[in-house]
Amino acid sequence: MSDSSSAGEYRRLQAAIEELLILKGVVAREEIDAEVAAMDARDHTRGARMVARAWVDPAYKARMLANGRAAAEEIGIAVGPLHLIVVENTPEVHNVIVCTLCSCYPRALLGMPPDWYKSAAYRARAVREPRQVLAEFGTTIPDGVAIRVHDSTADMRYMVLPLRPAGTEGLPEVELARLVNRDCLVGTRLPDRPGPGVG
Amino acid sequence: MAANGEFPESAVLRSVHDIGGLDFGAVPLADHEMADWAKRCNGLSFVLRRKRLATLDEQRRHVESLGASYHQHEYFERQLLAWAQIVIDRGLISSAELGRMLADPPVPLATLPPLGRAVNPSDAAPDAPPTAARFRPGDRVRVLKAEPPGHVRTPYYCRGHAGMIERVCGAFPNPEELAYRRPGLPATPLYRVRFLSRELWPDYAENPADTLDIEIYEHWLEAA
């Protein structure tokens, strides 16, 4: 990336701010390094573990729906002061998460949101024509199922508990977790189906 | 990101970031690796917020202040531009210092003006008890139909509409105050309000049972 490009300008601006704040003793470089490393280490597999556990353990599911943060911590996933609401898909209701005002996302649990989640198109349209938007992801929600959109714009953060896919009876929890893709935790896709070699 | 959305002419005070219900075309599904500078900007924002040197709502306010250029920038470009404003606004670094740092050709660090002391505005003194919640789950409420300037977290599309309290989320410092470096206390009750989508959007063409839940602070709600 050449320094004359706009990407170079952002890079220089970021570096200058960081350098000055370090020079003044406001922050230490190691503190920023630690935040970057911690964020890099978070991804959707943390949420997937919670989902898989909820699929096999109804008591855990009840605790997760009552208190998302406590349920994450119960299985060793640190999320800090996150206010996590887990919304459950049922045969009657399919949940979809959006933030129309910026891009609020449970980063402390799932890491950074995908680019589409931050796009103006998703933010603007998910509240108004959720089925059309989901169709662009290749996801069809039957007409008889109500869609519940959650506009995440304040202090809570949201994760979808998807329906357990058919044909996964008897699959161990660790394999169930592999079926839980990132987007199904936002509600724009469904969990993967087990492959022919599985189960 | 291209700006295809058109804002209704009547809503002159609708901020550029408040886009729920507008049309911005197809959702771009391609994902990109975050640039290093974006990761560091994000990490820096966490560090500064943890040290209580700035709030998330200040970041949002500055992002929203980008005006017409908002949609020309990508997400982390907006965030970086916001943080450049915050560190100056907070007195953590001066605009002049940043200017020298970015000068072409570079100005040697030794010629920087004397470094100021870092300030800690020590924002919130969370002693004041939170305001007691006025509404209970199941109560019918209406969102105020108002267009106050400034940083608010109540999207346009739900203003003036009636819904039902889904739950009380607790009490939180008022973001409309946090954005301006005031403590936002006492903490104000926050609710999740459930609306029928077809009542929010007159032309709603999907399932009539579809709903939308959104968090609304109490001072935006009246009994319906």
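Every read-out reported here was derived from the displayed coordinates using simple, explicitly stated rules and does not represent laboratory data. Quantities reported herein were computed from a predicted structural model and do not represent experimental measurements. Quick reminder, even Gly has a Cβ in these numbers, built from the backbone with ideal geometry, and neighbours come from all protein chains shown.
Across chain A, the longest run free of exposed loop sites, meaning GluC sites (Glu not before Pro) lying outside DSSP classes H, G, I, E and B with no more than 12 other Cβ atoms within 10 Å, spans A:1-91.
Taking Lys and Arg as +1 and Asp and Glu as -1, the other residues whose beta-carbon sits under 15 Å from that of residue A:163 total 0. Within segment A:42-58, whose backbone N sits under 13 Å from a point 7 Å along Cα→Cβ of residue A:173? Only A:48-58 fall inside the zone, counting backbone N under 13 Å. If R0 equals 25 Å, the separation of the Cβ atoms of residue A:6 and residue B:68 corresponds to a calculated FRET efficiency of about 0.90. Each residue in A:110, B:185, A:65 was given a count of other beta-carbon atoms within 10 angstrom of its own, and listing them fewest first yields A:65, B:185, A:110. Comparing A:139, A:45, A:100 in a Gaussian network model of chain A, where Cα atoms under 10 Å apart are tied by springs, the biggest mean-square fluctuation is seen for A:139. For segment B:150-224, trypsin sites (Lys or Arg not before Pro) meeting the loop criterion (DSSP other than H, G, I, E, B) and having at most 12 other Cβ atoms within 10 Å: none. Scalar couplings 3J(HN,Hα) for segment B:33-38, obtained by applying the Karplus form with A = 6.51, B = -1.76, C = 1.60 to θ = phi - 60°, are 5, 5, 5, 4, 5, 5 Hz; x denotes Gly and Pro. Between amide H atoms placed 1.01 Å from N, distances below 5 Å from residue A:94 occur with A:146, A:147, A:148, all of them 5 or more places distant or on a separate chain. 3J(HN,Hα) along segment B:169-175, derived from phi through the Karplus expression 6.51 cos²θ - 1.76 cosθ + 1.60 where θ = phi - 60°, amounts to 8, x, 10, 9, x, 5, x Hz, with x in place of Gly and Pro. Spin-label model, residue A:28/residue B:104: points 7 Å from Cα along the beta carbon direction are separated by 3.5 nm. With a simple spin-label model that places each label point 7 Å from the Cα along the Cα-to-Cβ direction, the separation between residue B:140 and residue B:199 comes to 0.8 nm.
For segment B:140-223, the Stokes-Einstein estimate of translational diffusion at 10 °C and a viscosity of 1.306 mPa s comes to 117 µm²/s, using the Kirkwood hydrodynamic radius over alpha-carbon pairs.
Between residue B:168 and residue B:132, residue separation times 0.36 nm minus the direct Cα-Cα distance comes to 11.9 nm. With neighbour counts taken as other beta-carbon atoms within 10 Å, the residues A:174, A:145, B:63 rank, fewest first, as A:174, A:145, B:63. By the count of neighbouring beta-carbon atoms within 10 Å, fewest first, B:41, A:102, A:184 end up ordered A:102, A:184, B:41. Taking amide H as placed 1.01 Å from N in the peptide plane, residue A:85 has its amide H under 5 Å from the amide H of A:157, A:158, A:159, each at least 5 places away in sequence or on another chain. Legend: calculated FRET efficiency, residue B:89 to residue A:193, from the Cβ-Cβ distance at R0 = 45 Å, rounded to 0.05, equals 0.30.
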